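Beneath this line is the structure, given in structure tokens, with notes to follow.
The values are calculated or read from the model by the stated rules, or taken from the named source; none is laboratory data. These figures come from a predicted structure and were not determined experimentally. Neighbour counts run over all protein chains shown; Cβ positions are idealised from the backbone, glycine included. The protein model used for the area step is the full one, side chains on, heavy atoms only, and it has no ligands, DNA or RNA in it. Shrake-Rupley method; radii C 1.70, N 1.55, O 1.52, S 1.80 Å.
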Amino acid sequence: MAAPSDLAFDPWDPAFVADPYPAYAWLREQGRVRYFEPTDQWLVAHHADVSALLRDRRLGRTYLHRFSHEEFGRTPPPPEHEPFHTLNDHGMLDLEPPDHTRIRRLVSKAFTPRTVDRLRPYVRELADDLVAGLVAAGGGDLLRDVAEPLPVAVIAEMLGIPESDRAPLRPWSADICGMYELNPSEEAAAKAVRASVEFSDYLRDLIAERRKNPGDDLISGLIAAHDEGDRLTEQEMIATCVLLLNAGHEATVNSTVNGWWALFRHPGQLAALRADHSLVPTAVEELLRYDTPLQLFERWVLDEIEIDGQVIPRGAEIAMLFGSANHDPAVFADPSRLDLTRRDNPHISFSAGIHYCIGAPLARIELAASMTSLLERAPTLRLAAEPVRKPNFVIRGLEGLAVEVG
Ligand code: HEM
């Protein structure tokens, strides 16, 4: 085996993407922070540091609330990428206070644990129907047949996207998400731009229609929302809907298939889960930790910071390795072991600080619902073929997961 080296962290190497965890272990041993030239980022791999930096107000998801691109020493994005940035930069995930606070406050009313809890029976029914279809067919693709349609239907239903309009949501989302990988190609950027234009146009029309004929959906709610005089601008509405639709399914789809793939590779753990369905809540958390669906998040350094004696100046970028933080032995006993009974599990898969995932309570309900339906209705579920991993590093998923039942 080759000695681990700097090349051990290589997000473009399929072998690294297949299993990045040994490289993370090596990175953590090297120290707390390390400059990575190919992306011009500072890598942070320890749980304690990732957790602290996510809460550190000297860092931000954007710098544009304080500095121009030039003042921050960065080149503005090329004009042809503009539709993507207009969309992306108006979503709360890419805003900082005070805009972030205003938009998050309005949206979070729809995502309180209590509001979301009311969706539990509906989500379960949907999961049961999808799993019944899979069982009737004797198997299929767990991604296409269960993992994907469930969260897409839930978030589309919440927003009030008519069923007949839902087919392009997933391709639009996938194309936009291409921009969240490290150093996206021009081809990926062109796809993201086209999807941004089409998705925005579609939502602009839908919002106009809801303005005329409000319903009891989230879009109508956001149009009507007043919060201490705050409202969303039309561009913020569009960006919020796109963010909710994208963030509202992408990671849940991947968590479901990554999770079942991990279960199939650990038959002893799967047998224990089948024997005791009360393990579902801890199993959901452990699978989110074990194969982290979103591997890396970035922050800009707005005011100089120091990590372990290393000064990181304003204008630099930090890449926090969530998958590594979730495998840090300083926090997780025996981190490379899948343990569905793990109780002390402060994984960071939903982030922390002001951008902590607003959809975490919903994601947990969806993941538990599909897992329970599959355990109850497809007790013989098994792998039909070795899955192919998507080549992406940041958004970690599979191309599909072929399964058999019966
Ligand atoms: C397993 C599923 C999910 C995972 C792993 C996940 C993970 C995350 C993470 C890591 C962040 C913060 C990124 C950062 O700090 O830079 C985030 C933010 C967000 N997520 Fe999720 N998410 C999931 C499901 C959902 C769902 C179901 C929804 C909505 C229905 C959602 C909506 C959002 C939104 C709107 C934000 C932005 C919050 C803000 O900036 O204040 N997510 N998510």
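Worth a mention:
- Phi-based couplings in Hz for region 143-154 (Karplus 6.51, -1.76, 1.60; Gly and Pro marked x): 5, 5, 8, 10, 4, 7, x, 5, x, 5, 5, 5
- Per residue, region 1-139 exposes an accessible area of 53 Å² to a 1.4 Å probe, with every protein chain left in place.
- To put it simply, the accessible area of region 14-404 at a 1.4 Å probe is 54 percent carbon and sulfur.
- Rounded to the nearest 500, the 222 nm mean residue ellipticity of the chain from helices alone is -14000 deg cm²/dmol, with -39,500 (n - 2.57) taken per DSSP H run of at least 4 residues.
- In this label model, T233 and E125 are separated by 4.0 nm, measuring between points 7 Å along each Cα→Cβ vector.
- One decimal place: the segment D308-A190 gains 38.5 nm when fully extended, by the rule 0.36 nm per residue minus the C-alpha distance.
- When the chain is described by a simple charge dipole with +1 on each Lys and Arg Cβ and -1 on each Asp and Glu Cβ, the residue from P346, A48, L87 located farthest towards its positive end is P346.
- Region 102-259 shape via C-alpha gyration tensor axes, a/c threshold 1.5: oblate
- Spin-label pair D334-T282: with each label point 7 Å from Cα along the Cα-Cβ axis, the two points sit 1.2 nm from one another.
- Three-way shape label, region 14-404, alpha-carbon gyration tensor, a/c 1.5: oblate
- Computed over neighbours whose Cβ is under 12 Å from that of V311, the net charge equals -3, Lys and Arg +1, Asp and Glu -1.
- Antiparallel DSSP beta bridges within the chain, percent to nearest 5: 90 percent
- Seen from T341, the other residues with C-beta closer than 10 Å to its C-beta sum to a net charge of -1, counting Lys and Arg as +1 and Asp and Glu as -1.
- Each Lys and Arg adds +1 at its Cβ and each Asp and Glu adds -1 at its Cβ; summed about the Cα centre, region 1-73 shows a dipole of about 500 debye.
- Three-way shape call for region 1-134 based on the alpha-carbon gyration tensor, with the a/c threshold at 1.5: oblate
- Database remark: amide H of G160 closer than 5 angstrom to the amide H of L218 (H placed geometrically; neighbours at sequence offset of 5 or more, or on other chains; Pro and chain starts carry no H).
- Cβ-based net charge around A378, under 12 Å, with every Lys or Arg adding one and every Asp or Glu removing one: -1
- Nearest-20 debye value, the chain charge dipole, Cβ charges on Lys, Arg, Asp, Glu: 1020 debye
- Per-residue ³J(HN,Hα) for region 46-52, Karplus 6.51 cos²θ - 1.76 cosθ + 1.60, θ = phi - 60°, Hz, x for Gly and Pro: 8, 4, 4, 6, 4, 4, 5
- Across region 14-404, the relative contact order, built from alpha-carbon pairs under 8 Å that are at least six residues apart, equals 28 percent.
- Inter-site label distance for S164 and F72 at 7 Å from Cα along Cβ, in nm: 4.3 nm
- Distance between region 114-146 and region 171-208 - C-alpha centres, whole angstrom: 27 Å
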